[in-house]
1. Look through B:K271, B:K321 and report the one residue that is in contact with a helix residue (DSSP H, G or I) (Cβ under 8 Å, 6 or more places away or on another chain) and in a helix (DSSP H, G or I).
2. What helices (runs of 4 or more DSSP H) completely inside the range A:25-107 contain at least 3 residues that are touching a helix residue (DSSP H, G or I) at 6+ places or on another chain (Cβ under 6 Å) and within 14 Å of chain B (Cβ to nearest Cβ)?
3. Which one of the conditions (1) of a type outside the set (D, E); (2) over 21 Å from the mean Cα position of the chain (by Cα); (3) under 18 Å from A:A216 (Cα atoms); (4) open to solvent by 30 Å² or more (accessible area, probe 1.4 Å) does B:K195 fail to meet, given that it meets all the rest?
4. Please list, ordered by residue number, the strands (runs of 3 or more DSSP E) wholly in the range B:173-263 having 1 or more residues that are within 14 Å of chain A (Cβ to nearest Cβ).
5. Please enumerate the residues belonging to the range A:209-242 that are at the interface with chain B (Cβ under 8 Å from one of its Cβ atoms) and open to solvent by 20 Å² or more (accessible area, probe 1.4 Å).
6. Of all residues in the range B:275-320, which are buried (at least 20 other Cβ atoms within 10 Å of the Cβ), of a type in the set (V, I, T) and under 15 Å from B:V96 (Cβ atoms)?
7. I want to confirm something. Restricting to the range B:131-142 and keeping residues that are over 13 Å from B:L120 (Cα atoms) and part of a loop (DSSP other than H, G, I, E, B), which single residue is most open to solvent (accessible area, probe 1.4 Å)?
8. Could you tell me which of the residues B:L313, B:L300, B:L282, B:L326 is within 23 Å of B:F50 (Cβ to Cβ) and touching a His at 6+ places or on another chain (Cβ under 7 Å)?
Amino acid sequence: MLAIAIIMLIVSLAILLFKLSLPAISKFGIGFIWGQVWNPISEEFGALPFILGTLTTSFVALLIATPLSISVALFISEICPKKIGHIIGIFVEMIAAVPSIVFGLWGIFSLAPWIQNSATPFLKSTLGFLPLFQGPSYGIGVLAASLILAIMIIPTISSFCREVFRTIPLQTKEAALALGATRFEMIKITILRPSFSGMIGGVVLGLGRALGETMAVAMVIGNSHRLAISILAPGSTMASVIANEYAEASNAMHMASLGYIALLLLVVTLMVNGLARFIIWKWSPKI
Amino acid sequence: MKNIIILGLCLMSFSLGAITKINGAGATFPYPIYSKWFSEYQKNKHDVEFNYQSIGSGGGIQQLLKQTVDFGASDAPMSDEDLKSAAWPILHIPTVMGAVAIVYNLEGAPNNLKLSSEVLVGILMGKIVKWNDPALKLLNPKVDLPDKDILVVTRADGSGTTSVFTDYLSSISQDWKTKVGNGKSVSWPVGVGGKGNEGVTGLVQKSQGSIGYVELAYAITNKLKVFALENSQNEFVLPEIDSTSQSAASLTTKDFSGDLRISLVNAKGKKAYPISAFTYILLPVKQGNVQNKEIKNFLLWALTKGQKFAPELHYAILPKKLSESLIKKITQLKD
């Protein structure tokens, strides 16, 4: 019964968003997805800057958070003494409890100045030849949003991975050690390899949070509607533009276009989840 | 025991019945003065209770059109379409005035640098990108302006403040009017966006070389540096409560008699600050409605005794001519 209710909920959500965005869908069609202009005055709307913003921030966040989270999980479950591991685990999970607006404030007041004064000069001197790291940095921007997202999803990924690692039987590990494997080889063979699909699951959960995170991102991403390649430039995500403009949408088409973005966000999220499920299914160890 | 509870419930329902509850929703900008007014007004009048939700001008108009509130409040006047779709005729009653200050953060620079309307548009269009641009130097010959990038900070969320500001920009520059236009959210050619006045304030405070626009109250309470802005008479005027009031001083009784959706930007008058605006209470013209009658009584109070609370909260009071004609207008309405 409840399961049906949950399915109904998702379906009715999609229907509601579809209804809301109908004027925009009939006016812009599928071209909305690669439209680059977002101008509420001339009623010209395109979602590309926001789709790219969402994908870039989430991708960069995953790039930073995944190795960190897996190492944290490994450290806690395998390397350090149990008691200390337990305490560290609690602290890592506490990050998940910090309200996103607090992260946003921290982002504006500490992270952004650090990016502007320390990280940007370093990135420019080492990787400055890439278009990704060109243009002036104001501190706030795509990079700041990605870093905040990375921190926010670390507890999600790492606690998921920890649970996965915990399912590995002690005997397997001991067997590996008994066969002469070093500790590193033991971790590689008996823990990481069988846990692969589980770790992907954790990463997907993190990605889900990153795609939809709104408040902290809206506070540090710079909220510009212009398309930019550099991750130092200000940008916008799908969630942040909805949060910013929904309350004071200036006309019906503006409102419908925001609805269209919400619909796309739903589709992107479902697609990412589906893809991850496919990966898990494909790579699960066949028994 | 049971009896006491019943008695208590009876008393509660009795007292509830005697109080007229009035719901309003709308602009965040006048929220501090409105809540001050409500609490002062209720000190002498215990049988009305105001509940005002500061959900934004657009939200206030929507709620009013959907008839979920007794009055609305908005910084930007309602559009003709919205007025047509309302169930009742809706009067725009200006309550206080506000100004948009152009603020900046530049280390070593004095407060109150001069800014002409042309240079302002140049900066916002991305044509002037450095603080030591000749045009800025020409306006401030005595100041040693550094070779630093200008960072423009705008509002990311739709807002009445943006509406007033872009209304001003459109009135001074044809280029702006055709390329960007005016409204609650516009497609900014340059810069980064902060959420809310507090977001813009925070970004300006944190970023060296930034220029932004906020409501006057935020500039004052956060001690931001403000530009002296060129007005229609080519005078450089600081955003202050008096200079804001001055921008409505040139209006005549004839202006007040008709539609009160008047734009005050770039007003005449040597002392007038050019980016000023009314904030409105949107009053539906209903008859035989208790709430409506109480709102009118409240407005009559707000336009007279209430005005003196405005300056301490950094709002400009209405010119006397205007409040008098408004009072006349309200008292002529049938209850």
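1. So the residue among B:K271, B:K321 that is in contact with a helix residue (DSSP H, G or I) (Cβ under 8 Å, 6 or more places away or on another chain) and in a helix (DSSP H, G or I) is B:K321.
2. Numbers: elements: A:48-74, A:82-97, A:100-106.
Per the criteria, A:100-106.
3. (2)
4. Numbers: elements: B:192-194, B:210-215, B:228-230.
So the answer is B:192-194, B:210-215.
5. Selection gives A:M219, A:H225.
6. If the condition is that a residue be buried (at least 20 other Cβ atoms within 10 Å of the Cβ), of a type in the set (V, I, T) and under 15 Å from B:V96 (Cβ atoms), then B:T279, B:I281, B:I317 are the ones that fit.
7. Per the stated criteria, the residue is B:K142.
8. Working: B:L313 fails: touching a His at 6+ places or on another chain (Cβ under 7 Å); B:L300 fails: touching a His at 6+ places or on another chain (Cβ under 7 Å); B:L326 fails: touching a His at 6+ places or on another chain (Cβ under 7 Å).
Going through B:L313, B:L300, B:L282, B:L326 in turn, the sole match is B:L282.
The values are calculated or read from the model by the stated rules, or taken from the named source; none is laboratory data. These figures come from a predicted structure and were not determined experimentally. No Cβ is skipped: glycine too gets one built from the backbone with ideal geometry, and neighbour counts run over all protein chains shown. These area figures cover heavy atoms from the full protein model, side chains too; ligands, DNA and RNA do not enter into them. Shrake-Rupley method; radii C 1.70, N 1.55, O 1.52, S 1.80 Å.
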